[in-house]
Amino acid sequence: MSAGTAGAGTLTRLRRLALATLDGNWEHDHTVPSRTLYPHQWSWDSAFIAIGLAHVRPERAWRELNSLFRAQWADGRVPHIVFNPATRVGAYFPGPEFWRTEVAAAAPAVATSGLVQPPVHALAAWLVHRRDPSPAARAALGRLYPRLVAQQRYLTERRDVGGGGLAAIVHPWESGLDNSPAWDAPMAAVPAEAAVMRAYRRHDTAHADAAHRPTDLDYARYLAIVAAYRDHGYRDDGLAGRHPFLVECPLFNAALGLAEHALARIAAVLGADPGPHRERAARITEALVWRLHDPATGTFQPLDLRTGRLVPARTVLGLAPLALPDLPVRQVDALVVEACSARFGVTGRMARPLPSYDRTAPDFEPLRYWRGPSWLNMTWLVRHGLLTHDRPELAAGLRRSMLDLVARAGCHEYFHPDTGAGLGSPAFGWTAALLLDVLAEDR
Ligand code: 9WN
């Protein structure tokens, strides 16, 4: 019997496992994604983790979001990593000594990275509040609201490098899907040599199989892009003329639009004006369709601002705009077709989990990180989109698939897209959290 159709005993076991994973990863005011691979606080991880904590530890869900936003920069950016000063030096590479955020006037006192990640936090805050709309939760929401607004302002004003109403990412790490084939073309233009990595010690390959992780050449380029940004004080003015990686990503911008929708609801609860958020949400959706929709494929593709071209690789990033409630019906229908195609295989009865990349592509890699394996956060987001656009059967297929994966392999970071075997880190935070979230629903 699969866990998707399992009895109460299996569901209770899954709930216990997920809760134990989150408790085991709790670290005074935040949850580490993984004790081994990622022993600090990560931005979009914390948002997903808060969504799950809301079901079991609501007070901790707010602490998770608050600790992240305490590290928000003066310019509004929410850093993608907040380093825990109590964690052993060298426990993660690249650590604070590489980022050197003290070069930036806007950086906070605590050590962070200088990059951002998809802004899924307003959605998380909304979902946490919806789960437990107590007076304490309303107060927590009220304190977070101006910070969420500042985060949006940073992204929509300083990061609109292309001038078309979308935010550009300046590093593949900002997409959250670090080595996705979507970044192969823009990354190929970044000058770097794999040999550079001889001067550093990668920490990830000590804990995960190197064949399941980005390559040394990827890392050499990651470091070169950080250095280019850092050496200009992490400033965003003039990026167009000098920065080696500038892309408009469909997932990142779908999250940006979703955040405005969530902020409109939050504003209404707080007695603020939801109108400007609704207007901004509409503008972002319009810009996404105008700039990133590829009429030839019906899906959304990243736009490489350095070449002006859409990236052709069909990855799960392209399905993310489905989560936008105001996406026009034509695009919704086309995305559902794409999701249900042999490339992604979404059905009401999934034989295999949702892959991160087109499984019919010749360079599909079932073991390597974001180049094929299945991830629960992307499955959750696509499911969220299917529910938003009233496709309950397909959404139920993804929910069952999430339950099956964890029932068989545990709370792994990612999963083999054919066998469902657990890959990457065990005891991974957002896998546990998002499992708790879908366990709380029965669709
Ligand atoms: C770099 C923490 C993070 C996730 C990302 C995932 C991975 C980091 C890494 O881990 O990225 O930010 O060291 O590989 O790609 O989505 O937020 O879980």
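The values are calculated or read from the model by the stated rules, or taken from the named source; none is laboratory data. Being a predicted model, the structure only gives us computed values, none of them experimental. Ideal geometry is used to build each Cβ from the backbone, glycine not excepted, and the neighbour counts take in all protein chains shown.
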Discussion item. Restricting to the stretch 68-115, give me the number of residues that are within 16 Å of the ligand (Cβ to nearest atom), under 29 Å from L166 (Cβ atoms) and part of a loop (DSSP other than H, G, I, E, B).
Written reply: 9
Worksheet item: Could you count how many residues in the stretch 56-75 are touching a residue at least 40 places away in the same chain (Cβ under 8 Å), touching an Asp or Glu at 6+ places or on another chain (Cβ under 9 Å) and crowded, with 20+ Cβ neighbours inside 10 Å?
Response: 1
Worksheet item: Say we look at the stretch 260-299 and pick out the residues that are under 22 Å from the mean Cα position of the chain (by Cα) and not in a helix (DSSP H, G or I); which of these is surrounded by the most Cβ atoms within 10 Å (Cβ to Cβ)?
Response: T299
Worksheet item: When you look at P118, is it within 24 Å of E59 (Cα to Cα), within 14 Å of the ligand (Cβ to nearest atom), touching a helix residue (DSSP H, G or I) at 6+ places or on another chain (Cβ under 7 Å) and of a type outside the set (S, T, N, Q), yes or no?
Response: yes
Item to complete: Determine whether D160 is on the phi < 0 side of the Ramachandran plot, among the acidic types (D, E) and within 15 Å of the ligand (Cβ to nearest atom).
Response: no
Worksheet item: Could you list, in sequence order, the residues of the stretch 184-220 that are away from the ligand (no atom under 15 Å from the Cβ) and within 19 Å of G90 (Cα to Cα)?
Response: V196, R198, A199
Worksheet item: So is L381 part of a helix (DSSP H, G or I), within 15 Å of the ligand (Cβ to nearest atom), at pLDDT 95 or above and of a type outside the set (S, T, N, Q) or not?
Response: yes
Practice prompt. Take the stretch 6-52 and flag every residue that is in a helix (DSSP H, G or I), over 21 Å from W126 (Cα atoms) and either within 14 Å of the ligand (Cβ to nearest atom) or among the basic types (K, R) (or both).
Written response: R13, R15, R16, T21, N25
